[in-house]
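These notes are about the structure you will find just below.
Read the figures in this text as sums done on the coordinates, not as results from a lab. These figures come from a predicted structure and were not determined experimentally. For neighbour counting, all protein chains shown are included, and Cβ atoms are generated from backbone atoms with ideal geometry for every residue, glycine included.
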Amino acid sequence: MTRALLALFGWLALVSASAPVPAPAPVATDVIMGDTLPRSLSEFRFFTDGIGQTPNARVIGYDLNTPLFSDYAVKNRFVYVPEGQTARYAESGVLEFPVGSALIKSFGYPADFRDPDSPVRWIETRVLLRRESGWVALPYIWNEDGTDAVLARAGRRLPASWIDMDGETQEISYRVPNQNQCKTCHARDGEIALIGPSARNLNNGQRLAQWVDWGILDRAPDNAPRVPRWDDESDGTLDERARAYLDVNCAHCHNGSGSASNSGLFLAYEESNPVARGILKRPVAAGRGSGGFAFDIEPGHPQRSILLFRMEARDPGIAMPELGRELLHEEGIALIRRYIATMENQG
Amino acid sequence: MKSIAAMAALLLASTSAFAAVHTVEAGPNAQERLQGALIEAEPGDTIEIGAGRFELTDGLSLDVDNVTVRGAGAGESILDFTNQVGAGEGLMVTSDDVVLRDFAVENSRGDGIKSKEADRIVYHGIRVEWTNGPDANNGAYGIYPVESTHVLVQRSQVIGASDAGIYVGQSQQIIVRENMVSQNVAGIEIENSFNADVFENMVTQNTGGILVFDLPNLPQMGGHSVRVFNNMIQDNNTANFAPEGNIVAGVPAGTGVMVMANRNVHVFENVIQDHGTSNVMLVAYTESFDDPNYEPTIRDVVVHSNVQGRAGYAPDFEGGEQLAAAVGGTLPPVLWDGIGTGIVVNDEVPVLTLGLTTPGQPLTQAQPSMAELASETPAASPEAVVLPESMLAAIQ
């Protein structure tokens, strides 16, 4: 026994002294840029561990001021830009990433939201690959032991459960989107586009400058725009925070070249036409999504506003957003209710 | 010449040489197998849906150009969304040159089949049905092409839509023919669209038969050049079951054809009969709106050579009964709000005008009287819609 341990120590000393652990192979930019659809997430080498927690070189974690609500899932976001290249700053819209870049987003649930140390069970990782032909969106589902994730182009439903902040057990049929559903939200004029990484949603005062320091962004003007954190009352007016929330949760479809272009309801942060923003706007193709109400937003009357009615619905023919929301986002609903309630009645 | 030959060779190569047929049968895990086939299809491929009932829990979608999705028949291959828990429609198409044929969609929670920015789409021999009949909880639209150029919907059937059975919105160059629509709120609706031919359809037991509308605050407005002809439009008296707030919720039960806020619409050689409110209703948009680019009135609407039967015996709008009593017990078969220019009715039936002068004016200000709208020089009819040969060849 002792001898065996001694031998082990000797071996360890040997390897650590003479052969330091080699740096992991870099991200497989050729796979990102290639024309295959890799079966396993590990083929990209975004992470040096299996479960997608430890990023490889030039894979950088980030978060957004105001994120998309996805049934209370926690998300890990990473960006990868190839060595020697940078994303291009854009004042409005998303940053422009060079060919070979990737965005990586993992979705999962901690067992218990009240416990910050509660382990997260990662369900899926979605990647957006910047190829010569444009962006390609692929969903990967983690295996049981979390060693790798496998491509699931047709999506899947998986059971998910957790204990929420109130100590209640939540159970849902979690929907991993199929490849077309990825595009439903990520569509601009029929092409796949990014949603989250705009200068204004990334800008937390330091991040853009850090990205320049780390060599993944070309410049970061001091006066870069910024949207507030939707849930931080000290960070913006009610109107600004509600607009930020609607921008991130709705405007990826509800804009003039998105999947809901035919609705005429456009909720981008900078949209200034009040009717396009839903104020005293009548529904077009809402069906029973109208809830029997006449306007998307009736100022001063959240309870008569279709927009809020659909946020408060769980029925798939009524609920908005159409994809990726089974639960109600109580905090988001509260924000939009106040936003509509405090609007001056223009009618 | 050489380049034409090269192009022909290229076309052949891209359509036939590599075209594959992928068959998906009903059974366990139908959702993932069928959706997988729709995603992995290559341009030129055909997805064959086997006979049987496919139990689906989420919407399906197709985003590959030039794909045919073909079932064994509208009564044989059934995509059953009764237990749907996600997505806003049964099937969504977002690619060009797609043919959908010979299958059914049942009980989707939202719309039945939607195609958006899907040019040259063909719907042929499709059935979309909510099997419980008229119900406000049914999905809105059965067959729903929108924002598309060149649309063909034919020999299809829609039953039970809580808005429109066949709805074509914000599109252009449209043919809707030889369909059967019943027990929907609107049988067929052409909305904010340009150049549509609607003919040889059987339109019965809806709330309103065929609607030609234009609405404000939308990316495409100014609907025009629509021909509605050779249709059988009969007994559309189903009580309106559309959820309030939607424009069709205001359509009176017992409406045959309704034209609202459109230009150059010709309604001719139809049989239109047995409508409690009106065989043909010609009106401006009545709601308030804030849109400087929107025109709420009708212009150059011509009604001629129709066979019109009984109408106006059970008007389904406020004040309708009193109005009918005032003009002899029943309303005349053609009803005009009195607003708009170039309105011609050459059918040999009486026309009642409400005598309104501005869109949105309350009915209490109506000054009803009989109108003489016959004319020997009506506006010329729109040209027939011509679709690309490829669309017609696809269903030979």
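In nm, to one decimal, how far is the modelled label at B:Thr341 from the one at B:Arg53, with both set 7 Å along Cα→Cβ?
Here the modelled spin labels are 5.8 nm apart.
Using modelled backbone amide H atoms (1.01 Å from N, in-plane), which distant-in-sequence or interchain residues come within less than 5 Å of B:Ala196's amide H?
Residues meeting the criterion, in which the H sits 1.01 Å from N, are B:Ile174, B:Val226, B:Arg227.
Can you pull the one-decimal nm distance between simple spin-label points at B:Tyr313 and A:Asp189, each 7 Å off the Cα toward Cβ?
Placing both labels 7 Å along Cα→Cβ, they lie 5.7 nm apart.
In the Gaussian network model of chain A, springs joining C-alpha atoms below 10 Å, which of A:Val284, A:Val248, A:Val275 carries the largest mean-square fluctuation?
A:Val284
Tell me, what is the percent relative contact order of segment A:228-347, built from C-alpha pairs under 8 Å that lie six or more residues apart?
18
Could you let me know the centre-to-centre spacing of segment B:180-246 and segment B:289-310, using Cα atoms, in angstrom?
That distance is 12 Å.
Subtracting the Cα-Cα distance from 0.36 nm times the residue separation, let me have the gained length for A:Asp115 to A:Glu168 in nm, one decimal.
The A:Asp115-A:Glu168 span can extend by a further 17.8 nm.
Could you list A:Val59, A:Val127 in order of exposure, starting from the residue whose Cβ has the fewest other Cβ atoms within 10 Å?
A:Val59, A:Val127
Checking the table A:Lys105/B:Lys114; A:Lys105/A:Lys183; A:Lys75/A:Lys183 against a 21 Å threshold on Cα-Cα, which pairs fail?
Exceeds cut-off: A:Lys105/B:Lys114.
Multiply the residue separation of A:Asp315 and A:Asp231 by 0.36 nm, subtract the distance between their alpha-carbon atoms, and state the gained length in nm to one decimal.
Numbers: separation 84, 0.36 × 84 = 30.24 nm, distance 2.59 nm.
This chain segment gains 27.7 nm when fully extended.
Let me check against my output: what whole-number percent is the relative contact order of segment B:110-393, with C-alpha pairs under 8 Å and at least 6 apart?
About 13 percent, as a whole number.
Could you give the length gained by full extension between A:Leu328 and A:Glu270, i.e. 0.36 nm per residue of separation minus their alpha carbon distance, to one decimal place?
Length difference between fully extended and current span is 18.3 nm.
What is the spread of the Cα atoms of segment B:205-284 along each of their three principal axes, largest first, in whole Å?
35, 32, 15
Rounded to the nearest 0.05, what FRET efficiency is calculated for A:Asp148 and A:Glu91 with R0 set to 35 Å and r the Cβ-Cβ distance?
So, using R0 = 35 Å, E works out to roughly 0.35.
Rounded to the nearest 10 degrees, what's the angle between the helix B:2-12 long axis and the longest principal axis of chain B, both from Cα atoms, 0 to 90?
For helix B:2-12, the angle is close to 80 degrees.
Could you give the nm distance between label points at A:Ala25 and B:Ala72, where each point is 7 Å from its Cα heading toward the beta carbon?
Result for the modelled spin labels: 4.8 nm.
Sorted from largest to smallest, which semi-axis lengths in Å does the alpha carbon gyration tensor of the protein assembly as shown give for its equivalent ellipsoid, taking the root of 5 times each eigenvalue?
On the way: eigenvalues 552, 172, 107 Å².
The answer is 53, 29, 23 Å, longest axis first.
Quick one: helix A:2-18 against the long Cα principal axis of chain A, what's the angle to the nearest 10°, folded into 0 to 90?
70
List A:Thr125, B:Thr255, B:Thr204 from most exposed to least, where exposure is judged by having the fewest other Cβ atoms within 10 Å. If you can, show how the numbers build up before the last one.
On the way: A:Thr125 25, B:Thr255 31, B:Thr204 19.
Ranked by crowding around the Cβ, least crowded first: B:Thr204, A:Thr125, B:Thr255.
What list of ³J(HN,Hα) couplings, whole Hz, do you get for segment B:220-233 from phi and the Karplus terms 6.51, -1.76, 1.60, once you set θ to phi - 60° and write x for glycine and proline?
10, 10, x, x, 7, 6, 10, 10, 10, 8, 6, 9, 9, 10
Which residue, B:Ala196, B:Ala326, B:Ala136, has the most motion in a Gaussian network model of chain B that connects Cα atoms within less than 10 Å?
Most flexible of the set in this elastic network: B:Ala326.
With the Cα gyration tensor of chain A in hand, give its eigenvalues times 5 under a square root as the equivalent ellipsoid semi-axes, listed largest first in whole angstrom.
40, 23, 20
For B:Ser115, list long-range residues whose amide hydrogen, built 1.01 Å from N in the peptide plane, is under 5 Å from its own amide hydrogen.
B:Val93, B:Tyr144, B:Val146
Work out from phi, with θ = phi - 60° and the Karplus expression 6.51 cos²θ - 1.76 cosθ + 1.60, the ³J(HN,Hα) of each residue of segment A:155-169, listed in order in whole Hz, and give x for Gly and Pro.
Values, residue by residue: x, 6, 9, 9, x, 9, 8, 6, 9, 8, 4, 8, x, 8, 7 Hz.
When only C-alpha pairs under 8 Å and at least 6 residues apart count, what is the relative contact order of chain A, in percent? List each step's numbers first, then the result.
Working: 656 pairs, mean separation 44.0, N = 347.
Relative contact order, chain A: 13 percent.
What FRET efficiency do you get for A:Glu83 and A:Asp222 if R0 is 45 Å and r is their Cβ-Cβ distance, rounded to the nearest 0.05?
E between A:Glu83 and A:Asp222, to the nearest 0.05, is 0.95.
Each residue of segment B:337-351 in order: what ³J(HN,Hα) in whole Hz does its phi give by Karplus 6.51 cos²θ - 1.76 cosθ + 1.60, θ = phi - 60°, with x for Gly and Pro?
6, x, 10, x, 10, x, 8, 10, 10, 9, 5, 8, 10, x, 10
Quick one: angle between helix B:30-40 and the longest Cα principal axis of chain B, in degrees between 0 and 90, rounded to 10, please.
Helix B:30-40 sits roughly 80 degrees off the main axis of chain B.
Given the -39500 (n - 2.57) contribution per DSSP H run of 4+ residues, what per-residue ellipticity at 222 nm results for chain B, rounded to the nearest 500 deg cm²/dmol? The partial results should precede the final answer.
Values: 4 runs with 34 residues, N = 396.
For chain B, the value works out to -2500 deg cm²/dmol.
Would you mind getting me the FRET efficiency between B:Ala393 and B:Val271? Use the beta-carbon distance for r and R0 = 35 Å, nearest 0.05. Please list the in-between numbers first.
Values: r = 32 Å, r/R0 = 0.91.
The value I calculate is 0.65.
With both partners inside chain B, how many of the DSSP beta bridges are antiparallel, as a percent to the nearest 5?
5
With the cut-off at 1.5 for a/c, could you classify segment A:228-347 from its C-alpha gyration tensor as rounded, prolate or oblate?
rounded
Given only helices, namely DSSP H runs of n ≥ 4 each adding -39500 (n - 2.57), what is the per-residue ellipticity at 222 nm of chain A, to the nearest 500 deg cm²/dmol?
Counting only the DSSP helices, I get -5500 deg cm²/dmol.
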